[in-house]
Structure formats: structure tokens, C-alpha cells
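Below: the structure, in C-alpha cells.
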Amino acid sequence: MKDPLVGPLAAIASGILVSRYVPFQPTELLFVIAAFLLLGILALWRNSRIVAGACACFGFFFAGILTNVAHAPGPPPELDAEGREIVILGGCVVEPPAISGERERFILELEPHARAQVTLYTRDNEPLPALHYGQQIELDARIRKPRNFGNPGAFDYARYLARQEIYWTASGAAHTVHILPGRCGWLFQKAVMDMRQGALDRMARLYRGDLYQTGMMQALLIGQNFQLQRAWTEIYRSTGTFHVLVISGTHVAILAAFFLLLLRASFVPEGLAMLLTVLAAWLYALVTGWQAPCVRCSAGLTLVMICGYFYRQRRAMNLLAAVAMGFLVLDPEQLFDASFQLTFLAVAFLGAFAAPLMRATSLPLVHGLSDLEATGTDVHLEPRSAQFRVEMRLLAETVHLITRLPARLATLAITFVARVLLFFYDITLTSAIAQLGLALPMVVYFHRVGLSGLSANAIVVPLMGLALPVGFLAVATGWGWVAGLAGWLLHLSQQVVAWHASIEPSWRIPTPPLWVAAGFTAALIATALTRRWWRGAAIAATTAMLAILLWHPFAAGQQRGQLELTTIDVGQGDSLLVTFPDGKRMLVDGGGIPSFGHASSKMDIGEDVVAPYLWNRSIRNVDIIALSHAHEDHIGGLPALIDDFHPRELWTGATPDSPTWRRVCERAAKNGVKVIALQEGRQFALGGTAIEVLAPAADYVPADTPKNNDSLVLRLRYGRHAFLLTGDAERAVERRMLEDHELDRTDVLKVGHHGSRTSSTEQFVDTVQPTFAVISVGVDNSYGHPNRDVIERLRAHHAVVLRTDQDGLISIRSDGRRLFLDINRWHAAEPQLLGLF
């Protein structure tokens, strides 16, 4: 076998995957592994290599299961503090702080393997403390456990942090930090972190006053992305070029190639130059915070060096399999990380497809361009290379005769142009193969495939490849003109990506069914392994499965003939999905995160929380988006949702001017969305449902800034059931609706203002008499929502209280006669429901 490690890698990965869903005992696994080992030895003794190979694969399969069982995580550490309680935290700073505006973030190790991610805020322009690795500190902080959004298919943020041994997040005021005497941590690690901090400080000085270039260069060179703003990176995401901004194996490879070339140009012997390059790669991995892609690439370079030392052939797939097996044995959970999958899939497809294609097309031509004037070497080359040399030589002679250029200069010009064209061919081919290989994970994780990525990557990758060594040269020397050159390359890259983003269609792809994912994967594997006419069939199957993956011709997950109200868990905010009996869909609010004067959050609730849930249900568009009112926790996610789901209409209540509202209007105009302001008294039918507008009143005059009483209040009737959506309407609006006799018994109430005491008065609840009262609220929120008196008032009227902070996503459906309830965390509501039914 040319790549003997690929089979064991597939077996180990399959075992790790299976062990996640099927429980095994270690003793059982050891017995099975020993049995297959003995069978394999017996098969080799009888010269039955096929049976021996099968036994080896089964052994590796069960070894993968055993590896995952052995690495099963223990119980997480506990802290004697309740959610959002202010405590005195003491520990060791194990990651230098990252500063963005008035915020500072760092990692504090409270005990070995028990860390907290701390964010400090300043007020009244007070300075942020100058913290460094290895300092012992104390501070007053409000602490909480990381929490995932309670929606099906939501990103497992808590697991992501736990894999970094971070089990709490904390926030506090900068003036409460006290630096204690003594040191902690490792001296070597301190030297590395000081080097990292010095590089970041040097970049901040070189690009002083330019937040964009400072943040982008710090992310590009060191992997420090705390200062990156989402608006800067969105164009890179949409065009499939975001990988050039984050630390990846490509960065290590480019820097290693540059460093090796520099050493060889300095007449350093090849073996020593390779050793120094590998050591530099590992040092870079340390400086960038031991990020997984850097570590993997450094490990790969180490294997390449070892193979060269022992005069072994360096086969890409075999090296890739060796590195992957090493990392999976040490940490089998990496198999489920998007970073691991994207890294190894990209390299695997380049090795399986791009390398053979280049060997068959461009590489013979590149070889033919070497020493073009030496005619004696033609006979020693393969026919294609020799023929290409002759053609290029004739073309050079033609240029010489026409332009009167010296013959050698004409030959150099033709060779240079040919090499550039072949280089861009290789880059485009590599980009196309990588895009094809990563299509499935890109759809699953990011719901997009950048159609303009082929040409964008062909230009951006070389530009960023130049920006990397130039940027490091600027950091090492402190020369402003070198930093300016790196900044110009970055600016040029940004212009190229911006142009591609302007022509990239706003096209997002829902999560594919399992059979499509499995079929596409099987077709790709078959294409890589099959030969001759079987490969044609495999390519056809791959093309068909890719078309299905991108087209996604599957109906959205909803029940026809039923009215559905789904309260999406968006933390402290509101976002409701309404599906009508005829299949039409309406989204009410999009969640959001108020900034309270601090720098805005990098998370877009609409793009990162609401949209993934809708895509998980195969929803590609909605007919209507309704905005209850323009507070940030309701309107913040709407700009992204308008772009992603292209509604026909945008319904609003009273909407005073605000920056976010202006952004919403811009996105609506860009997407051709009709904006309709609704007022009390409007009644109409939609999707088989009767809709009544209860607020705002016709004579309501909004203030200069958004208020809760601006809220659009809707009542939906279907059959014998009524759903009341109140936004954040407070007592005054409730009292007016009562006085106008607009309210009657309601089956499902979306409780106003997240269960605040400013809403849900006694008279209101007594009149509405809800069967289900749904509260959209964040865990341990700073407002104290929901109010205890409101909860008791609702329960006193025999309402089943459902809360997104406890129950996660809440879905209530009506067929006109019966109500159906489904929640994401059943354990929280079972006692109430059993008592009711």
C-alpha cells in the first residue's frame, strides 16, 4: 500500500465516533482487541494478508473506542457561588490580557485545570491594569457558568470552553484588581508570553490610531482576535476567504517556507536549516497561544523532517494520517471539532485530488521551464515537458524578433509569464478542490459556500502570503515603512474581497439531511479510490450529491394545518417563529444584546442563534418579519435576518429613530422588503389565521428614543384557540386594552417584558386567563426577570409557566381544537405539566 496509515486512521476515527453513541466497558474492549491481535498474527503466520489486514482494522476500530472511553471527562470543578453572584476571585494570570477599547480580557487559573475567562470594564476613563502572564491577582467579579442556547442544534459553547479548562466567565470593574506578591506559572511559558505581548504592543505602536489595521494584523500574525469587529470580517466570511485571517496551518507553512528559504540563502546546511525551521514552527505555535492548527502543522513539519533524515518518501496522505492519529490518540474529542475536521479534510483533498491533477497537468510544464535555453536536456524529459520547452523556446524567439529584445531577456520574460500563469492555475485548482472537499462541513457549520471563493482565494492567498513575512519583519525591526507595506497588502486584500462580496449572492444553505451528507461523503471517497470507468460514475454521483446539497430541495420542518408559536431561546431578548396553517412563516423580533455604552458584542443573535435554528429546520425564507419595538434585545438581530431570509414585508409598531432602526431600513430597502406600520384596529386574515392588531393605539405618539410601550401587540386566532403576543408592552398599554375591551381569554400568552413587574398586572392576567404563559428571558439576567410576583400571579390563575432560561426553546401548536407542546428541556416543566393534565 502506498499510504498504509490511512486505513488505521479511518478505523480509529470510526471507533471514536461509534463510542459516542454506544457505551462500552474497558475490559470488554481489551479482550476484543487482544482477540483481533491474535487472529492477525495467526493470519500472517498462514500468509493470509487480507485476513490479517481486516483483523488489524478491527483492532484499530476497537482501539479507537477504548481511547475515547479512557479519555472520558470527569465531573467539572465546582465553585461555591450562584449565578451572577459577586465573589472575590484569586488566581494566576495564565494568558496575557487582550485589550479592546474599554475592555480587557484574560484567563485566570483559580486552581490547576480550573480556569475562568475574565472581562474587565472601566468607567470614567480609568486605566486598565497592566497584567502579565504569571501574576497573582485578586478582583471582585460577577461570575457565572457558560451556558448554551437551548435550541436544537445550537453551538455547544460550554463544551468549547471546557476543552480549554475554562468553566466560568466573570466580569468586573478594573479598579477592583489587586496584584498580589509572588509569581506563578512556568518561566519558559512566561518568556514566550512576554514575546507574544511584545509583538502585540509593537503592532499597536506601528499602526497607532488605525484600529482596523491594528486589529487585523494582530489577528493575522499572532491570532489575537479580541479587537476584530464583525463588520470587518463579514466580507471574508461571505467569500470563503476568512481562513486567511485566522491562524491556520497555511500560516505556519508560509512562514516555514520563508524561514527555510532565508536560511538556505544564508548557506546554512539543509539538515540544520530544516531543524531550525521546525523549531521556529513550534515556537510560533507557542507564541500564538498553542492554537490547534499551528500545533498540527508543526507536527507535520516535524514528521517531514524525520522522513527526510531517514531518506523516506514523504507522501502527503501518509503524513496526514500519522499526524491525525497522534492527535486523536491524545485527544479523541478533537474528531468532533470543526477546526480539526476542516484542517484535515482540506489537506486530505489536496493530497488525494489536487496533487495528482497538478502532477498530470501543470508540474510537467513547470519542470519544462527550468533552464529553457539548454536544448540538450530536452531528450531527458518526458515528452510533454520536452514539447512545452520547444514551444516556449519558439515563442521566446518570436518575441525576440518582433520586439528586438535581447534573446536572453525575451526568454526570461516568457518564462516569467508562464510561471505566473501556471502559479495562478495551481492556486485556482487548489482552491476549487478545497472548496469541493469542504462543501459539506461549510454547509453544516456555516450554512454557506462562497461561490466567488475560487477567484478570491487565487488573489487573496498570495497577498496574505506576502503580508505574513512582511508583517513579521515589521514587528522584528520596528520599521514603519515595512509596516506600511504590510498594511498596504492587507488593504489590497480587503479591496479584492470587498469586490467579490459585492457580487456574491446572499445565499444561505440549510442543514442537509443525514442521508445527503452520507451520500456526498461516500461519493467523494469513491472518487478518490476508484479507477478508470468506475471513477466516471463516482464523479457523476459526487456532482449529483453536491447539487442536492447546495440546492436543498427539502420542505421546511413544520406541520401543515397547524398554527405554531415557537419561542426561540435568545437569552435576554425576544424572537418568535410563527408558522401558519397554510405554510406561511412570520418571525417576530430577532433578539439582540444591549451594549450599555460598552463596545458592542461580537455575537449577532440573529446570525448566530436565530438563523441556525431556522436553517436546522430547513427554513430558507420567511414571509414576514415583525418588529415589536426597537429596543436592542428585540431589533438587534433583524438586519442579519432580513439578509438571510428575504421577507416580503416588515411589520412595525411605533419606531422612533435609532441607529439600529436605520440599519434595518437600509437592509429592508436593499432586499426589496415593504415596511408596513400597523396600528390598533387592523384586522386581516393570513395563512388561515385571523390576526388583530391591539397596539399601538392610533393616537400613540412615540418618544424620541425607543420605549417598551411602542410595542406592536398582535392576537392570532385559529379555530378555538387564541395566541397573544405582547412584546414589551407595560401597564399603560395593558390598561388601555382593558378599557377598550380588546382582551378576552387567551390560550397562549407571550408574557410582556420578559416577566417584569412593569407588565402582567392582576387585572390583565385575570382577564386573559392564559393556559400557557411563555416568558423569553436570559439566565441569571441583571434585571431580575422574571419577577417573582408575576410568576405567582400567573400560577394563581392556573397558567403553566414556561421559561426559555429553564426550558430552552418552547413550541406550542394548535390544530384548531387541541394544543400540542414541545420544549427543548423537558425535565424543567414536567412537574407543572403532570399537575395540569
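Calculate, in nm to one decimal, what L275 and W507 gain on full extension: separation in residues at 0.36 nm each, minus their alpha carbon distance.
78.9 nm
So what is the relative contact order for segment 340-430, in percent, with contacts set as C-alpha pairs under 8 Å and at least six apart? Let's see the in-between values first.
Numbers: 53 pairs, mean separation 27.1, N = 91.
Computed value for segment 340-430: 30 percent relative contact order.
Run the quick spin-label model on H741 and A518: label points 7 Å from Cα toward the beta carbon, then report their separation in nm to one decimal.
Label-label distance for H741 and A518, simple model: 6.1 nm.
Per DSSP H run of at least 4 residues, take -39500 (n - 2.57); add these up for the chain, divide by its residues and hand me the 222 nm value, nearest 500 deg cm²/dmol.
Rounded to the nearest 500, the figure is -15500 deg cm²/dmol.
For the peptides 186-192, 540-546, what is the packing order when you average, over each peptide's residues, the other Cβ atoms within 10 Å and list the highest mean first? The partial results should precede the final answer.
Working: 186-192: 13.1, 540-546: 16.7.
Order by mean packing, descending: 540-546, 186-192.
Starting from 0.36 nm per residue, how many nanometres of slack lie between F423 and D789 once their C-alpha separation is accounted for?
Numbers: separation 366, 0.36 × 366 = 131.76 nm, distance 7.02 nm.
That works out to 124.7 nm of additional length.
Around A626, which amide H atoms from residues at least 5 apart in sequence, or from another chain, sit under 5 Å from its own amide H, with H modelled in the peptide plane?
Residues meeting the criterion, in which the H sits 1.01 Å from N, are L587, V588, D589, W651.
In nanometres, what is the gap between the two model label sites at A407 and Y445, each 7 Å from Cα along Cα-to-Cβ?
My value for the distance between the label points is 5.6 nm.
Determine ³J(HN,Hα), in whole Hz, for all residues of segment 79-91 in sequence, where each value follows from phi through the Karplus function 6.51 cos²θ - 1.76 cosθ + 1.60 and θ = phi - 60°; x replaces Gly and Pro.
10, 7, 7, 8, x, 6, 6, 7, 10, 8, 9, x, x
Tell me the relative contact order for segment 30-137 as a rounded percent, counting alpha carbon contacts under 8 Å between residues six or more apart.
Details: 119 pairs, mean separation 20.5, N = 108.
That works out to 19 percent.
Go through segment 419-432 residue by residue and turn each phi into a ³J(HN,Hα) via Karplus (6.51, -1.76, 1.60, θ = phi - 60°); whole Hz please, and just put x for glycine and proline.
Per residue, the Karplus-derived 3J(HN,Hα) values read 5, 5, 5, 5, 4, 5, 5, 5, 5, 5, 4, 4, 5, 5 Hz.
Please give the Cα centre distance for segment 70-121 versus segment 745-761, rounded to the nearest Å.
Result: 37 Å between the Cα centres.
Once you keep just the Cα pairs under 8 angstrom separated by 6 or more residues, what percentage relative contact order results for the chain?
8
Given a Förster radius of 41 Å and the C-beta distance between L357 and A35 as r, what FRET efficiency does 1/(1 + (r/R0)^6) yield to the nearest 0.05?
0.45
Using 1/(1 + (r/R0)^6) with R0 = 22 angstrom and r between the beta carbons of D194 and S782, what's the FRET efficiency to the nearest 0.05?
0.05
Quick one: which of 87-96, 203-212 comes out on top by average Cβ neighbours within 10 Å, and what's the full order, highest first?
Order by mean packing, descending: 87-96, 203-212.
With θ set to phi - 60° and the Karplus curve 6.51 cos²θ - 1.76 cosθ + 1.60, what are the ³J(HN,Hα) couplings of segment 673-681 in order, to the nearest whole Hz, using x for Gly and Pro?
With the stated coefficients, segment 673-681 comes to 8, 7, 8, 10, 8, 9, 9, 3, x Hz.
Round to a whole angstrom and tell me the spacing of the C-alpha centers of segment 201-268 and segment 466-518.
Each part's Cα centre sits 9 Å from the other's.
Going 7 Å from the Cα of A476 along its beta-carbon direction, which residues of segment 270-307 have the amide nitrogen within less than 16 Å of the resulting point?
Counting only backbone N, you get 273-285, 287.
State the extension gain, in nm to one decimal, for the chain segment bounded by D337 and Y21, taking 0.36 nm per residue of separation less the distance between their alpha-carbons.
Here the segment from D337 to Y21 would lengthen by 112.1 nm.
Rounded to the nearest percent, how much of the accessible area of the chain (1.4 Å probe, protein heavy atoms only) is carbon and sulfur?
Roughly 62 percent of what the probe reaches on the chain is carbon or sulfur.
Note the angle between two axes, namely the Cα long axis of helix 826-836 and the longest principal axis of the Cα atoms of the chain, as a number of degrees from 0 to 90, rounded to the nearest 10.
Taking Cα atoms only, the helix is inclined about 20 degrees.
To the nearest 20 Debye, how big is the dipole of segment 520-653 about its Cα centre, given +1 on the beta carbon of each Lys and Arg and -1 on that of each Asp and Glu? Mind dumping the intermediate values first?
Working: 10 positive and 14 negative charges, 228 e Å.
The calculated dipole for segment 520-653 is roughly 1100 debye.
For the chain, give me every cysteine whose Cβ has no other Cys Cβ within less than 4.7 Å, ordered by residue number.
Those would be C55, C57, C294, C297, C307, C665, since no other cysteine Cβ in the chain comes under 4.7 Å of theirs.
Any aspartates and glutamates with Cα under 20 Å of the K707 Cα? List them, leaving off those in the same chain fewer than 8 positions away.
Within the straight-line cut-off, K707 pairs with D574, D589, E632, D633, D657, E680, D699, D728, E730, E734.
If I compute Cα extents along the principal axes in Å from the structure I just sent, which labelled value in [x] 101, 67, 66; [y] 102, 82, 55; [z] 88, 65, 56 lines up?
Given [x] 101, 67, 66; [y] 102, 82, 55; [z] 88, 65, 56, the calculated one carries the label [x].
Quote the FRET efficiency, to the nearest 0.05, computed for F820 versus W232 with a Förster distance R0 of 45 Å and r equal to the Cβ-Cβ distance.
Working from the Cβ atoms, E equals 0.50.
So which aspartates and glutamates pass the test for K584, namely a Cα distance under 13 Å, with those fewer than 8 places away in the same chain ruled out?
E564, D623, E649
State the answer as a single residue: which of H798, Y783, V751 lies farthest towards the positive end of the charge dipole of segment 695-815, with beta carbon charges of +1 for Lys and Arg and -1 for Asp and Glu, about the Cα centre.
H798
Amide H of V800: which non-local residues (sequence gap of 5 or more, or other chain) have their own amide H closer than 5 Å, using H built in the peptide plane?
Here the answer is F772, A773, since their amide H atoms fall under 5 Å of that of V800.
For the pair S658/A537, report the inter-label distance in nm, with labels modelled 7 Å from Cα in the Cβ direction.
6.1
With everything on Cα atoms, drop me the angle between helix 480-503 and the longest principal axis of the chain, reported from 0 to 90° to the nearest 10.
60
So who's got an amide H within less than 5 Å of the one on N787, skipping anything under 5 residues away but keeping other chains? H placed 1.01 Å off N, in plane.
S756, R757
The values are calculated or read from the model by the stated rules, or taken from the named source; none is laboratory data. Because the structure is predicted, anything quoted here is derived from the model rather than measured. For neighbour counting, all protein chains shown are included, and Cβ atoms are generated from backbone atoms with ideal geometry for every residue, glycine included. Heavy atoms of the whole protein, side chains included, go into the accessibility calculation; ligands, DNA and RNA do not. Shrake-Rupley method; radii C 1.70, N 1.55, O 1.52, S 1.80 Å.
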